[in-house]
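Visitor: My questions all concern the structure below.
Bear in mind these aren't lab numbers, they're just calculated from the coordinates by the rules spelled out. As the structure is a prediction and not an experimental result, all values here were calculated from the model. In this analysis, Cβ positions are derived from the backbone assuming ideal geometry, glycine residues included, and neighbour counts consider all displayed protein chains.
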Amino acid sequence: MKKKKHQGQVIGTGEKVFNVFMVIMGIIISMVVLYPIYYALIASLSKPLYVENGSVMFSIKNFTLDSYRQAIAKPGIWTAYGNTLFYTIAGVAVNMAFTTSMAYALSKKRLAFRKFFTLVAIFTMWFNAGIIPTYLNFRDFGLLNTRTAIILGFAINTYNMVIMKSFFEQVPYELEEAAFIDGANHFTIFYKIFLPLSKPALATVGLFYAVNRWNSYFWAMQLLNDDSKAPLQVMLKKMIVDRVANAADAALVTAESLSSPTTIIYAVIIIAIIPMLVVFPFVQKYFKTGLTVGGVKG
């Protein structure tokens, strides 16, 4: 008995040490992840001279909102912001429609060739056509410089579909069977049973899609040549490229300068991430459950 008690004390101490270690690691990782956002915030609120000479590290130097005034007055920024909102809202709606419908079908064991279709879908997680063939496909379908290319061209992500498929497989078959007996069809069962029971997974996958849509710029930059259709991220990328190309302008910043290309960029970054920061708290409570339960089965 004494030996077991002693062993229990050792295990308890080990768990405490492990928990302390994990808390410390969590704090360090959180600081590493959050610092770039924090730096962008304090840099956007500081006088340009202090940002350019590297004085801004952990706190605001000479608080000013001039960079934000310049950012919101920048030509085309609100058009780009509106495009980003449109691509995100419409894109996520399309993503969720395709993802949930495909996941529902593949979750049914009675589906003919189910394993084959699942294998084909999962195959695309490791192998794809590549950038140039994908671009040529868009060109051949006449989708260059169209909003349709951005919304429908990336309508489904296999990883997210697998999460939804795994979650749908957790729904008791008895519910579906009872609905069939009551005369419900597949669409009714999908819409009124599976979707309401899958809110954690829907929130998780929806957040994945929303963040990806909001932050994406590469394909928008490749497929759209009309600035009036470009999202905010493409505009921000061009601002960064121009800033790098004109690095010598940093030497022209003085103590009297109200803003600079660098501080305006930081201001645009903060403006760009605000919607995601606002949305995240509303889906956070579903996030852990949706990701965990969705990963039980493959």
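Visitor: Return a whole-number percent for the relative contact order of the chain, with Cα pairs under 8 Å and 6 or more residues apart as the contact set.
Guide: 32
Visitor: Another question about this same structure. Using bins 10 angstrom wide from zero, how does P(r) for the chain break down, in % of all Cα pairs?
Guide: Percent of pairs per bin, in order: 5, 19, 23, 22, 17, 9, 4, 1.
Visitor: Expressed as an acute angle from 0 to 90° and rounded to the nearest 10, what is the orientation of the C-alpha long axis of helix 158-168 relative to the principal long axis of the chain?
Guide: 40
Visitor: Now for a different question. Mind checking the angle between helix 114-123 and the chain's longest principal axis? C-alpha axes, 0 to 90 degrees, to the nearest 10.
Guide: Helix 114-123 sits roughly 20 degrees off the main axis of the chain.
Visitor: What list do you get for 79, 262 if you sort them by fewest beta carbons within 10 Å?
Guide: 79, 262
Visitor: In deg cm²/dmol and to the nearest 500, what is the mean residue ellipticity at 222 nm of the chain if only DSSP H runs of at least 4 residues count, each as -39500 (n - 2.57), divided by the residue total?
Guide: Roughly -22500 deg cm²/dmol at 222 nm, from the helical runs in the chain.
Visitor: Compare 34, 65, 45 in a GNM of the chain, Cα atoms joined below 10 Å, and give the one with the largest fluctuation.
Guide: Largest GNM mean-square fluctuation: 34.
Visitor: If you don't mind, another one. GluC sites (Glu not before Pro) within the range 152-227: which are DSSP loop residues with at most 13 other Cβ atoms inside 10 Å?
Guide: none
Visitor: Which of 52, 15 comes first, and how do the rest follow, when ranked by fewest Cβ neighbours within 10 Å?
Guide: Fewest-to-most ranking of 52, 15: 15, 52.
Visitor: Take a quick pass over the range 76-294 and tell me how many lysine pairs come in under 22 angstrom between Cα atoms, counting only ones 8 or more apart or on separate chains.
Guide: 14
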